[in-house]
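What follows is a set of notes on a single structure, which appears directly below.
The values are calculated or read from the model by the stated rules, or taken from the named source; none is laboratory data. Computed from a prediction, not measured in an experiment: that's the story for all the values here. Here the Cβ is made from the backbone with ideal geometry for all residues, glycine too, and neighbour counts use every protein chain on show.
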């Protein structure tokens, strides 16, 4: 019984922090976006009308994600994992953060591709109802969707010698960057967010929502480029933003593709 109580306390703390980060990020980014309407990516659409639907769905998805994160962490604290964590140090924290960063991006890409298969897409389609995503759209997902995309936050504790702070830092970064990536406003397009560099900007994932069959990656474009799923006009759009300093409407970059 004490173990259950101890776990529930861990879950409650993590869930509370996730909700706090969700609303703090959402309100902050919305405040910035309202002052820069010219940075809107899909100028012909506004997804704000779905805000309350997305927030309600996000509360459930964040709870699911918090279960995964807290269960993995609790298992590590109890010594139930396959490997013991490295002692937290000046080198183990950034090293394991970087390892998890790369591995999670691969996990997310392939999990995301699975969710676009016909057998699984029904679990992902509620997320894609946000054709013009907003900062509130990031966690608007079903339970199965969240289990697949965030399963890494449970599995990693068991198979990697990861200090807890490394995964907690990754989850925090993933939450904030994901919400910015869904915000529908572009501030970060630059040379480093197009080929030959692996980084991405907000337009990358926005194209996924508006055109569905491209840009499945989370932090990097590596897997999309390797597997041929990067949007064919993405690099040109980023370069245009570099040259003009303006955000073009991606409606003009639409590509018809009937198969995922």
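In the stretch 127-142 there is at least one residue that is under 20 Å from residue 231 (Cα atoms) and assigned to a helix (DSSP H, G or I). Selection of first residues in the stretch 16-29 that are modelled with pLDDT of 95 or more and of second residues that are surrounded by 12 or more Cβ atoms within 10 Å (Cβ to Cβ) and part of a helix (DSSP H, G or I), restricted to Cβ pairs under 6 Å at least 6 apart or on distinct chains, gives the following pairs, ordered by first then second residue: 18/62; 18/66; 21/175; 25/176; 25/179. Scanning the stretch 176-190 for residues that are crowded, with 19+ Cβ neighbours inside 10 Å and in a helix (DSSP H, G or I) yields 178, 179, 180, 181. Would you check if residue 229 is farther than 28 Å from residue 88 by Cα and within 15 Å of the chain's Cα centre (by Cα)? Answer is no for this residue.
Condition (residue is farther than 25 Å from residue 144 by Cα and assigned to a helix (DSSP H, G or I)) applied to the stretch 70-88: is it met by at least one residue? Yes, some residue in the stretch 70-88 is farther than 25 Å from residue 144 by Cα and assigned to a helix (DSSP H, G or I). The set of residues in the stretch 96-126 being part of a loop (DSSP other than H, G, I, E, B), out of contact with any helix residue (DSSP H, G or I) (no Cβ under 8 Å at 6 or more places or on another chain) and under 19 Å from residue 182 (Cβ atoms) is empty.
Kindly establish whether residue 23 is in a helix (DSSP H, G or I) and farther than 18 Å from residue 174 by Cβ. So residue 23 does not fit the description; no.
Which condition does residue 50 not pass, out of (1) touching a helix residue (DSSP H, G or I) at 6+ places or on another chain (Cβ under 7 Å); (2) buried (at least 16 other Cβ atoms within 10 Å of the Cβ), if it passes all the others? Every listed condition holds for residue 50 apart from (1). Going by the conditions given, is residue 247 closer than 23 Å to residue 116 by Cβ, in contact with a helix residue (DSSP H, G or I) (Cβ under 8 Å, 6 or more places away or on another chain) and at pLDDT below 95? No: the conditions fail for residue 247.
When each of 36, 60 is tested for being within 20 Å of residue 141 (Cβ to Cβ) and surrounded by 12 or more Cβ atoms within 10 Å (Cβ to Cβ), the lone residue that passes is 60.
Residue count for the stretch 211-230 under the criterion of being touching a helix residue (DSSP H, G or I) at 6+ places or on another chain (Cβ under 9 Å), crowded, with 16+ Cβ neighbours inside 10 Å and over 16 Å from residue 138 (Cβ atoms): the result is 9.
Here residue 49 passes the criteria (1) in a helix (DSSP H, G or I); (2) under 24 Å from residue 248 (Cβ atoms); (3) over 18 Å from the mean Cα position of the chain (by Cα); (4) touching a residue at least 24 places away in the same chain (Cβ under 8 Å) except the one numbered (4).
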